Each structure stands twice: as structure tokens, then as C-alpha cells.
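First the structure, in the form of C-alpha cells, and then the observations on it.
The values are calculated or read from the model by the stated rules, or taken from the named source; none is laboratory data. A quick note: this is a predicted structure, and the numbers were derived from the prediction, not measured. Cβ atoms come from the backbone with ideal geometry, glycine included; neighbour counts cover every protein chain shown. SASA here: full protein model, heavy atoms, side chains in, ligands and nucleic acids out. Shrake-Rupley method; radii C 1.70, N 1.55, O 1.52, S 1.80 Å.
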Amino acid sequence: MRLARCDDDAEIFYSIQGEGKTIGRPSVFVRLSLCNLYCYWCDTAYTWNWQGTAFPHITDGDTPAKFTKENEIVTLDAADVCERIHQFDCRNVVITGGEPLLQQDELSQLIDGLKKIDQSYQFEIETNATLIPIDDIDRASVQYNVSPKLSNSRVESARRLVDDALKWFAACSRSHFKFVIETPDDLVEVQELVEQYEIDLDRVYLMGEAMTLPELQEKQEWLWTRCGALGVNYSDRHHVRLYGSGRGV
């Protein structure tokens, strides 16, 4: 498995789920490297924003704005990752990225390995909804934290909105949709997607794009009232409130 690096090791850590349906739940996080999108505001750009690429990012102008690929990836086999996860006294595992579904065979091995250790393990997979999970993953009753990207991501629509995948996730009752909101204008896109794919409103969460507490507070002031008007859920970012923006939190 190709995982993101945190300090001198793989980014596997214990924290609380900061977003979406299971917000506040103690969880072990496994951050995989590599992504098939390039969101402008991504807070884990070290999983994809490699030197030599032309992708724009909010950190452009910072030093360094691009990351050296070979320095940011830790390769481990699934059995090793299982052992590291099992060291924590926690049975909720959040697999995030990057885009985890780029490594489905490895993910299947990880899930099977942990289930053999303890059947009580539960899994959440964070995904951008461009790839459909294989059966070996889905049969584990995974919760999908689905985050289709809006135009505020600056990714072209043909790449970020994959019809077959969105239909699959919309039809799966274990999918919960989390949209990153930058301005009130983004809500029009959300409504269009919800209507097009007939997504149940109680499975929709709106979350402000924010890497700092002041940014989060500013968006919260107007976003939560819009959620009430639309009949959807508001999602905070508790990890930003507790720790700020960084790796391993």
C-alpha cells in the first residue's frame, strides 16, 4: 500500500472523526497517497501535488508549493498496516487520502486482515465518487463518506463528475454525501446534483472550505442557516477546531 508520510513514518493515527455523519467518533485514520483529482483548496496536497505538474493550488507562491513524490510516500504491505491499526484500542477505521479507491486490491486485503483479527472492526472510506468500489470492499458494509467536487475545486467537470460512479453511490444507503462549500453560489450546484441523482436529503452534509478556525467560523455564520433552509445537514470540521491544519490529526 502507498501511504502518505507523516514525519518519518506512514500517516496512521488515532483521532476523532471531524466531519460528516460520524463526527466526533474516535477513529484510527489511515491516509493513503495518490489522487486522481487536483482540488485547488485540498488540505492534503502532499498526496498528489508533485513537482513537475502544472496543477494550481491555494499554496502557490509558498515554499515549497510542490512536493517531491518519492519523499511523500511510504510503502507498506497490508499485513503491516493491519498490525499498526490493531495497536490502537479502537475499532472504527477511517481510510482517507488522497483517493483511497485508487488502491482497491490493497484495501480489500486490509479490510479482510482486520476482520480476521476482530469482526467488530468498522470501516469508513472517504472518496471523491469517481470510482466504484469492488465487491470485495463493499461486502464489508463500508460506510462511504462521498465528497463529489464542485466547480470551486477548479477541476474540470468531466473529470470530477463521473455519472456511473455517482449513480452507484446515490443508490447505496451506506453513502453519505459531503459537499465542500466556498460561497453561497455553490449551493446551486449542490441542489442540481442532489436532484439529478435523487440523493436523500438526510444523507447530505454541507461543510465550509476552511483550513483555519477564523475561516471556519466565517463560513459557519451563514452556512448552517442555509442547511436548515435546504433541509440538509451541516458539518463542522472538529479537527480544525482542535488542532488546526496539519498532518496526523
Search the stretch 1-12 for residues being open to solvent by 20 Å² or more (accessible area, probe 1.4 Å) and touching a strand residue (DSSP E or B) at 6+ places or on another chain (Cβ under 6 Å), and hand back the single one that is farthest from Cys35 (Cα to Cα).
Ile12
Mind telling me which of the residues Gln104, Gln122 ends up being within 20 Å of the chain's Cα centre (by Cα), within 30 Å of Leu193 (Cβ to Cβ), open to solvent by 30 Å² or more (accessible area, probe 1.4 Å) and polar (S, T, N, Q)?
Gln122
Do we have Leu187 as in a helix (DSSP H, G or I), in contact with a strand residue (DSSP E or B) (Cβ under 8 Å, 6 or more places away or on another chain) and either open to solvent by less than 40 Å² (accessible area, probe 1.4 Å) or under 24 Å from Gly231 (Cα atoms) (or both) here?
yes
What pairs can you find where one residue is in the stretch 198-222 and on the phi < 0 side of the Ramachandran plot and at pLDDT below 90, the other is assigned to a loop (DSSP other than H, G, I, E, B) and surrounded by fewer than 20 Cβ atoms within 10 Å (Cβ to Cβ), and their Cβ atoms are less than 7 Å apart, with a gap of 6+ or different chains?
Met211/Asp43; Met211/Ser245; Thr212/Gly244; Thr212/Ser245
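Each row is one residue, and each column tells you yes or no for (1) open to solvent by 50 Å² or more (accessible area, probe 1.4 Å); (2) within 30 Å of Ser120 (Cβ to Cβ); (3) modelled with pLDDT of 95 or more.
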{"residue": "Thr47", "(1), (2), (3)": "no, yes, yes"}
{"residue": "Phe55", "(1), (2), (3)": "yes, no, no"}
{"residue": "Thr59", "(1), (2), (3)": "no, no, no"}
{"residue": "His86", "(1), (2), (3)": "yes, yes, yes"}
{"residue": "Cys90", "(1), (2), (3)": "no, yes, yes"}
{"residue": "Val94", "(1), (2), (3)": "no, yes, yes"}
{"residue": "Glu99", "(1), (2), (3)": "no, yes, yes"}
Specify the residue that is most open to solvent (accessible area, probe 1.4 Å); the eligible residues are those in the stretch 170-184 that are among the β-branched types (Val, Ile, Thr) and touching a residue at least 40 places away in the same chain (Cβ under 8 Å).
Val180
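Return the only residue of Lys167, Lys149, Lys69, Lys115 being touching a residue at least 60 places away in the same chain (Cβ under 8 Å), surrounded by 14 or more Cβ atoms within 10 Å (Cβ to Cβ) and of a type in the set (Lys, Arg).
One residue alone meets the criteria, Lys149.
Please give the strands (runs of 3 or more DSSP E) falling wholly within the stretch 1-81 in which 3 or more residues are of a type outside the set (Ser, Thr, Tyr).
2-6, 12-16, 26-31
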Any residue in the stretch 217-227 that is under 21 Å from Ile125 (Cα atoms), in contact with a strand residue (DSSP E or B) (Cβ under 8 Å, 6 or more places away or on another chain) and polar (S, T, N, Q)?
no
